[in-house]
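Input: a single structure, listed below in structure tokens.
The values are calculated or read from the model by the stated rules, or taken from the named source; none is laboratory data. What you see is a predicted model, and the numbers here were worked out from it, not measured in a lab. Because the Cβ atoms are built from the backbone with ideal geometry, glycine has one as well, and the counts that use them run over all protein chains shown.
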Amino acid sequence: MSQDILINWSPQETRVAVVEQGAVQEVHLERTLERGLVGNIYLGKVSRVLPGMQSAFIDIGLDRAAFLHVADLMPNIAAKHATPRERPPIVPAPTPDVDASTAVAVAANTAPKVLTPNPVLPIERQIFEGQALMVQVLKDPIGTKGARLTAQISIAGRLLVFLPQDNHIGVSQKIPPAQREALRQRLVRLTATADGSPAGGFILRTNAEDATDEELVDDTAYLRKTWLRIKEAATRQPPATLLHEDLNLMQRVLRDLVGADTQSIRIDSREQYGLLTGFATEFMPDTVKKLQHYSGERPIFDLYNIDEDIVRALSRRVDLKSGGYLVIDQTEALTTVDVNTGGFVGARNFDDTVFRTNLEAAQTIARQLRLRNLGGIVIVDFIDMVRDDHRDAVLTEFRKQIARDRVKTMIGGFSQLGLVEMTRKRTRESLAHMLSESCEACAGRGVVKTARSVCYDILREILREARAFNPREFRVVGSAKVIELFLDEERAHLAGLSDFIGKPISLQSESSMTQEQYDIVLL
């Protein structure tokens with residue numbers, strides 16, 4: 001499906017929209033003061049080792065310490081990828097009657113019949129507090145969680161991904177299986193050193209399927225030169241230092257989003273158009289012809305009503321063309337999507353109405369996941385369907401639409417409760433988290449106490465204060481709605497409490513207070 005990429009640039013923010021068939025499919029944002037960290041390489045310092053969690057906190061110079069799991073340490077990654085012949089022998093622990101040297105001899109002379117995977121060493125035997133460690137960010141900090149790190153460094157180029165600490169040669173899984181082995185052998189030949197030995201590992205990216213030998217060699221040289229610069233910086237920089245920063249959003253768009261289906265890449269800044277053209281000419285010459293400078297009078301995002309789509313992507317409700325609607329609720333644990341028929345009654349019978357609504361919902365949900373960049377666990381509650389062929393058709397359509405997603409996604413079938421469970425890899429903050437924050441009035445709950453509930457809270461609080469203190473007068477300071485209720489419907493209850501405690505109670509409206517906020521002043 002053909003697509004257009006629109007780039008809206010300003011000094012404080014870069015916005016990118018991917019448009020297919022006139023509809024926005026993806027929105028990417030990058031703010032100058034809030035650039036993402038994924039791909040950045042740091043010289044970290046181990047601040048704390050947690051044997052119970054087999055993890056460690058690493059100081060990389062951010063507000064919150066980053067998180068490193070034992071599985072992401074380089075020795076464990078190498079052991080996982082090693083063939084059985086490459087794995088070191090497993091030496092059994094010596095028994096009280098056999099010393100260590102005898103145990104090693106026995107292990108060397110006794111070939112096991114069943115090959116077992118190499119055991120993972122505990123994290124406390126691999127790193128220690130205060131140690132300097134080169135790490136790379138896998139996931140940005142999200143909410144209260146720090147960044148996720150790995151000790152396996154990978155540097156992405158235009159055609160290849162370089163693994164300087166590994167000798168693995170791989171090919172993207174998106175390339176047809178019949179072509180992978182030939183491409184792998186070709187890559188082995190092109191990346192080998194003068195003596196024929198490998199010098200680091202490489203993974204061939206999807207867009208390198210038709211690359212020439214010269215292009216692959218140039219990309220290899222660029223990646224190795226970048227790694228040498230990073231290693232040199234690591235020898236002279238102190239811990240908690242940034243060694244290598246990933247490309248900015250516009251450059252990543254050319255590297256990751258542009259494909260054969262991309263018709264145009266339009267950018268509304270002449271200066272950034274020139275810089276992007278220079279970058280494309282050097283690293284991605286095939287994309288230069290697709291770059292265009294947009295000089296129209298209307299803002300570039302107005303061409304496809306992108307700002308309106310962004311506003312709608314922040315709301316809970318998504319209307320379907322048929323008259324049905326979705327309700328999307330995002331929490332820290334998971335995201336739920338509820339499908340409703342709404343005002344759609346156009347089919348011949350109820351089963352067909354439900355089926356058509358679910359089919360349209362399957363397409364819309366897949367688009368909303370991409371547009372909102374929702375990650376983690378997603379639970380979809382389609383409208384209950386009686387017929388098995390309807391359920392199969394809806395699930396097939398849903399999987400077909402999800403297959404277009406660039407982000408790794410896994411979908412299960414219908415559960416016994418009629419729910420579809422899925423996971424979508426979380427790589428960055430969702431659109432809602434980037435553009436909005438919790439409401440001060442409700443603290444993210446989505447609801448606030450009624451004015452009447454607040455009135456009764458105030459009455460109980462005055463009674464408690466009257467038993468503990470003996471002021472001349474009580475003054476209630478609250479929101480306009482609460483004060484109005486005290487002056488009208490709750491007037492009798494307020495007067496009754498005043499008579500009971502034998503003290504006057506005055507009221508004062510404060511416009512800056514939310515409905516749940518109030519203060520009781522003792523005069």
So if I check each of ILE411, ILE462, ILE483, which one is surrounded by 12 or more Cβ atoms within 10 Å (Cβ to Cβ) and under 30 Å from ASP389 (Cβ atoms)?
ILE411
Going by the conditions given, is PHE128 touching a residue at least 40 places away in the same chain (Cβ under 8 Å) and assigned to a loop (DSSP other than H, G, I, E, B)?
yes
Any hit, the stretch 443-453, residues being among the charged types (D, E, K, R), closer than 30 Å to THR336 by Cα and in a loop (DSSP other than H, G, I, E, B):
yes
Somewhere in the stretch 328-335, is a residue buried (at least 16 other Cβ atoms within 10 Å of the Cβ), in contact with an Asp or Glu (Cβ under 9 Å, 6 or more places away or on another chain) and of a type in the set (Asp, Glu)?
no
The stretch 1-43, residues that are closer than 17 Å to GLU308 by Cα and touching a Pro at 6+ places or on another chain (Cβ under 8 Å):
ASN8
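Does THR423 meet the test of being of a type in the set (Ser, Thr, Tyr), in a strand (DSSP E or B) and surrounded by 14 or more Cβ atoms within 10 Å (Cβ to Cβ)?
Judged against the criteria, THR423 is a match.
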For the stretch 492-514: of the residues being assigned to a helix (DSSP H, G or I) and of a type outside the set (A, V, I, L, M), which is nearest to GLU440 (Cα to Cα)?
HIS493
Among (1) assigned by TED's automatic domain parsing to the domain that holds ILE155; (2) acidic (Asp, Glu); (3) without any contact (Cβ under 8 Å) to a residue 60 or more places away in the chain, the one test that ASP219 misses
(3)
Qualifying residues in the stretch 370-391 (those that are within 12 Å of the chain's Cα centre (by Cα) and charged (D, E, K, R)) - the one nearest to MET434 (Cα to Cα)
ARG372
In the stretch 333-372, residues that are in contact with a strand residue (DSSP E or B) (Cβ under 8 Å, 6 or more places away or on another chain) and over 18 Å from GLY418 (Cβ atoms) total 9
Report the residue count in the stretch 377-406 for those that are more than 14 Å from ALA366 (Cα to Cα) and not aliphatic (A, V, I, L, M).
7
Condition met for LEU395 (surrounded by 13 or more Cβ atoms within 10 Å (Cβ to Cβ), of a type outside the set (Asp, Glu) and over 18 Å from the mean Cα position of the chain (by Cα)):
yes
Given the conditions (1) in contact with a strand residue (DSSP E or B) (Cβ under 8 Å, 6 or more places away or on another chain); (2) closer than 30 Å to THR150 by Cα; (3) at pLDDT below 90; (4) not aliphatic (A, V, I, L, M), every one holds for GLU34 apart from (1)
Just the residues that are closer than 15 Å to GLN251 by Cα and in a helix (DSSP H, G or I), please, taken from the stretch 278-297.
GLY278, PHE279, ALA280, THR281, GLU282, PHE283, PRO285, ASP286, THR287, VAL288, LYS290
First in the stretch 241-257 and under 11 Å from PHE279 (Cβ atoms), second anywhere and polar (S, T, N, Q) and crowded, with 19+ Cβ neighbours inside 10 Å, Cβ under 8 Å, 6 or more apart
ASN248/THR14; MET250/THR14; LEU254/THR287
Looking at the stretch 322-347, I want the residues that are on the phi > 0 side of the Ramachandran plot and have a partner that is assigned to a loop (DSSP other than H, G, I, E, B) and modelled with pLDDT of 85 or more with Cβ atoms under 6 Å, at least 6 apart or on another chain. Which pairs are those?
GLY342/GLY323; GLY342/GLY324
Assigned to a helix (DSSP H, G or I) and modelled with pLDDT under 95: does that describe LYS481?
yes
What number of residues within the stretch 261-308 satisfy the criterion of being surrounded by 17 or more Cβ atoms within 10 Å (Cβ to Cβ) and among the charged types (D, E, K, R)?
3
Test of understanding: among GLU461, GLU489, GLU465, which residue is outside any helix (DSSP H, G or I) and acidic (Asp, Glu)?
GLU489
Out of GLN165, GLN185, GLN152, report the one residue that is modelled with pLDDT of 90 or more and under 25 Å from ILE123 (Cα atoms).
GLN152
Within the stretch 435-465, work out how many residues are among the hydrophobic types (A, V, I, L, M, F, W, C) and modelled with pLDDT under 85.
5
Criterion first (in contact (Cβ under 8 Å) with a residue 40 or more places away in the chain and closer than 22 Å to ILE365 by Cα) does MET410 satisfy it?
no
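For the stretch 434-472, how many residues meet the condition of being among the hydroxyl-bearing types (Ser, Thr, Tyr) and either touching an Asp or Glu at 6+ places or on another chain (Cβ under 7 Å) or more than 28 Å from GLU13 (Cβ to Cβ) (or both)?
Within the stretch 434-472, residues that are among the hydroxyl-bearing types (Ser, Thr, Tyr) and either touching an Asp or Glu at 6+ places or on another chain (Cβ under 7 Å) or more than 28 Å from GLU13 (Cβ to Cβ) (or both) number 3.
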